[in-house]
Amino acid sequence: MQPLRFIKVFSLGAFLTIVTAFTPAPQPSAGMFKLHLPYAKAGLTRQQAAAHLLNRFSFGATPGELDAVVSMGLENWLQQQLQASLPDEELNTRLLNGYDALAMSNAQIVNTYVRPDQALQIGVAKGLIRRDSIRVAANTAEYRMMIRNLMDSANLKPVNELHRQLINQKVLRAAYSNNQLQEVLTDFWFNHFNVSLTKNQSQQYVLTYERDAIRPNVLGHFSSLLEATAKHPAMLEYLDNASSVSNDNNVANPRLKAQLQKRLEKRADQLMEEGNAAQQARLMKQIAGQKKNEGLNENYAREIMELHTMGVDGGYTQKDVTEVARVLTGWTLYPNSEYGAGSAQRKILERVGLNTLQQRGFVVQGDFLYRADKHDQGEKNILGHVFPAGGGYEEGMRVIELLSTHPATAAFICKKLATRFVSDTPSVDLVKKMTAVFLKSKGDIKQVLIAMVEQVDFWKPALVHDKVKSPFELVISAIRSTHADVQDPFQVFNWCARMGQRFYYYQAPTGFPDNAAFWINTGSLLNRMNFGLAFATQKIPGIRMNWAQLNNNHEPESVEQALTVFSDILLPERNQEQNIKRLLPLVKDVRIGAKIAAAADNAPLQMKEETGMTEDRPMKKQERKALAKNTKQPLQMPYTAGVNSPIAQVAGIIIGSPEFQRK
Amino acid sequence: MTNRRAFMKSGAMALFATGLGGGLPAFVARAAQSQKYIQPYKKGKVLVCIFQRGAMDGLMAVSPYTDPAFKAARPGLYMSPAATEGKLFDLDGRFGLHPALDGLYPYFSEKRMAIVHGVGSPNNTRSHFDAQDYMESGTPFSKSTSSGWLNRAIGLMGHDATPFRAVSMTNALPRSFYGQEESLAISNLQDFAIQMRGNPMAAGLAAKSFEELYDQTSSSILNRTGKESFEAIKMLNLNSIRNYKAADGVVYPASPLGNALKQIAILVKMNVGLELAFAESGGWDTHFNQGTANGAFARNLKDFGDSIAAFWKDLGTYQDDVTLMTMTEFGRTVKQNGTGGTDHGRGSCLFVLGNDVQGGAVYNKVSSLTKEELEDGRDLPVTTDFRSVFSSVAGTHLMINNNRELFPGWDGTPLPLMKV
């Protein structure tokens, strides 16, 4: 939808591979705020405060980053992060190169990355395959083969490839973007306004949802986020508002309605003949729905109040939910498929023309479409506000404004932010102060975050390291702290899934819960330890780090010294003395084990289980092969001659240790 | 393999603890302190749920073969007990069981398996996603229910237990298990260990290190869960899993479902405190070339039936403790479509197997399948709410009797298909 803006972002500045070469401290400029961070008052040193800030406002410190933040000033670093305009050229031009979907519009994506049933439909429409030819397919394998050939000849790509790009870009941005806070907040707000790849109807829109509705708004006003998510096809489909209509509408001409009904039925018959069963079923449902006066769908109306704004105890009633649903009738997506049921609708809209549509009260904004002919024109009453009869699109905008500035929303959102950034159980006082700023600034997220860090409560030593990392935060912090080179970002997804976070696939609109009890259970904890070992001993294909380089290519003189060095790198500003005391006997154990380990180095890496653990594994066979070949090459590491070296094992134990699970 | 029952007989809980290498397991200690204390090693009942994702054609699995309207609607898919038409197992003179379910037929005859037909959700969505979501959350009109019905069931059982109380044999936690109560998603029990590929010695050393580190941490949740994890590893006894031999004459199909059920049988027999198990079966979205006695549907159904039959036989004397229930999000169109398959419909059927099931019957309110009787003129109407079956099974077998909390917003009555 907005490829132009996107390209513009891509062309900015230069990426920094080594973070010690940090950009100079910015001069305070217009749009920046004077910050007062009361960490000293809370009893933290500047070093400790910087470490805490990096733990909570980034996906983890890279080597040297802590010192850089201390020397440039915590306030200045935070200013930069709140501006979110640091150059990211390396990321955008090199790392994300080849991710073509990132620059595509919804329409381009929908007509390129398709599900098997859509491929079939397009194939028939383009005359590439005979309507009855799928009857020939003897079994599932043959069917898949036919679909694959069809996709090749029609220049289509499987939707799984789209998901791979979505997943990989998240990993790469989190690991390598200089605008860390923006990525942390993108993760936060996506989860708050969750949509899911598990739903067929919305899966093709999730990538642009994060790109267009979430990321550009994470540091803006809350109302912008709410509006952008409300109008995006992903949300419209995920919570069914796209199909929520009023049947008491008088705008729609009954004759035209009957004509449309007829046309749809004809199309359904045609689809049946073509063998587009899934499409046909959907169309039948639509027709049945139109006939049975069952137009209103309250799913989105309920969640916008319960999950997105006021919270379940926000003081609204079921009546309010129904009234909001009535206000949002007609909020749908502009049909963007070149084929299938949507294309018929699109042709009708095009024939009528934008001007006529606007005269009839329709609204077209990018992929968002407001259909006046589906809107409930009656009077509504929401939270004590009257919406007189005869309203249209503007009613929805009024509801968004009403909800986004409501005191219940302010309290609900601020508590959620404090839960993410401070503690699973943030203090009432802190949330109150943030809430006041939310209301005063009309939901300015930047102001609310500043209010949070300007409270002593944010810096309380008891709360430092109180939060447990999500699996994604764990993996990305391991990558960042070791400067690992991620050649196959999808491996991160596999491991996160194993640890309980199949991101982008969380089915419920609630998003993942944000508390330690959810993430930590026996199965997930064992996998966290196993992740540490696999990561550090370089047994995750496509993720490589160089332990020696992390110590400036100096060989540690002893294993004890190595422990100090790597413990410092992985857990900066923790109680090192205690850590080392605890780990030292273990290191010595490992040292004895080193001989055994060296023997095992000669054993081939076992790839099978680690590469293909989920059912959708977008990596192709050839890619896997190439990767396997790549991995079997001897690893060039001066100190860590083998993947089972004591250093790697010690690092693995640190990454799997309880301290590294905390942020 | 440790046998919990033997300990119960001798009353030797301490013996069990010794088996773990000394010391009372943390979760035992926690349970002992808890107000809701029930001995965690009291022999518990196990409910096994299988979700058939993709919407199984209930009308083909269990066909109302005497209905002329049904026969007319499916010229290419119709089967009957007559040898010339597919040879269904005649269940009651009206319904016939698909021949691929030959493994399950004996249990129906022995009245240990019940079938419920025309079952589904009151929400008429025909989207896989929405219907599965509603069935697993147990609230067919609310998306925002954060918990799954099986997770609520865990809470309602009202006692603390081992880390293996609720296990899903899947990669990710299913929607049914979302919620506050701890549950485990694991696709392979052998992964439940500290692993260093190709280097078991180093793995052992690392495990020891981790155990010490988690023992010393100041974070209470990491400390407690760490302890439980290492106890659970010892409890599981990977060697027994690796060398597991199913009961004589039992062969599990080499399929995901067969493998999942085999691992559930291992957990049941290991007496590690399993009370709820979950497995999935895919491939039911048969829009094209469904086949009849042979073909895609029959192959899938054969795997489904044979996996369950193998599991049941393998359980042996444990059968008394276990009830197995299947579920699918909706059924399929009465009429066959243009590509030799069926499309998304409404009511389907499910199976309940167990010694406390009043089996040998097809529970149904299915009427004639003439067009006027169908939902939206095309689908088998839902005449039995899935919650009335789930609540009945959970109520009797797991002794959960708070259906208002198990299924918020539902005030129906359980279907009496269990022995009371």
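Every read-out reported here was derived from the displayed coordinates using simple, explicitly stated rules and does not represent laboratory data. Worth saying up front: this structure is predicted, and the values here are computed from it rather than measured. Note: ideal-geometry Cβ built from the backbone for every residue, glycine included; neighbour counts use all protein chains shown.
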> How large is the helix-only mean residue ellipticity at 222 nm for chain B, computed as the sum of -39500 (n - 2.57) over DSSP H runs with n ≥ 4, divided by its residue count, in deg cm²/dmol to the nearest 500?
Replying inline: -10000 deg cm²/dmol
>> What does the net charge come to around A:Asn149 if you take all other residues with beta carbon closer than 14 Å to its beta carbon, with K and R at +1 and D and E at -1?
In response: +3
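A:Asn575 to A:Thr425: FRET efficiency via 1/(1 + (r/R0)^6), r the Cβ-Cβ distance, R0 25 Å, to the nearest 0.05? The partial results should precede the final answer.
Numbers: r = 23 Å, r/R0 = 0.94.
Here the calculated transfer efficiency is 0.60.
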> Expressed as a rounded percentage, what relative contact order does chain B have, with Cα pairs under 8 Å and six or more residues apart?
Replying inline: 29
> Under a straight-distance cross-link criterion of Cα-Cα below 17 Å, which aspartates and glutamates are reachable from A:Lys374, leaving out those fewer than 8 residues away in the same chain?
Replying inline: A:Glu237, A:Asp240, A:Asp248, A:Glu294, A:Glu298, A:Glu323, A:Glu394, A:Glu395
>> Placing unit charges on C-beta atoms (Lys and Arg positive, Asp and Glu negative, everything else neutral), compute the dipole magnitude of segment A:318-443 about its Cα centre in debye, rounded to 20.
In response: 260
> Local charge sum around B:Ser391 (other residues, Cβ-Cβ under 13 Å, Lys/Arg +1, Asp/Glu -1)?
Replying inline: 0
>> What whole-number distance in Å separates the alpha-carbon centres of segment A:201-227 and segment B:226-267?
In response: 44
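Listed here are the pairs B:Lys45/B:Lys111; A:Lys433/A:Lys460; A:Lys416/A:Lys467; A:Lys34/A:Lys432; which of them are more than 18 Å apart at the Cα? Intermediate results must be reported in sequence, preceding the final value.
Values: B:Lys45/B:Lys111 20 Å; A:Lys433/A:Lys460 16 Å; A:Lys416/A:Lys467 14 Å; A:Lys34/A:Lys432 22 Å.
The answer is B:Lys45/B:Lys111; A:Lys34/A:Lys432.
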> To the nearest 10 degrees, how steeply does helix B:128-137 sit against the main Cα axis of chain B, on a 0 to 90 scale?
Replying inline: 50
> If you place +1 on the Cβ of every Lys and Arg, -1 on the Cβ of every Asp and Glu, and leave all else neutral, what size is the dipole of chain B about its Cα centre, to the nearest 20 Debye?
Replying inline: 760
> Relative contact order, percent, of segment B:304-374 when contacts are C-alpha pairs under 8 Å separated by at least 6 residues?
Replying inline: 28
> Over 29 Å between Cα atoms, which of A:Lys319/B:Lys371; A:Lys41/A:Lys446; A:Lys442/A:Lys469; A:Lys170/B:Lys227 qualify?
Replying inline: A:Lys319/B:Lys371; A:Lys442/A:Lys469; A:Lys170/B:Lys227
> Under 20 Å from a point 7 Å along the Cα-to-Cβ line of A:Ala517: which residues of segment B:169-195 have their amide N that close?
Replying inline: B:173-185
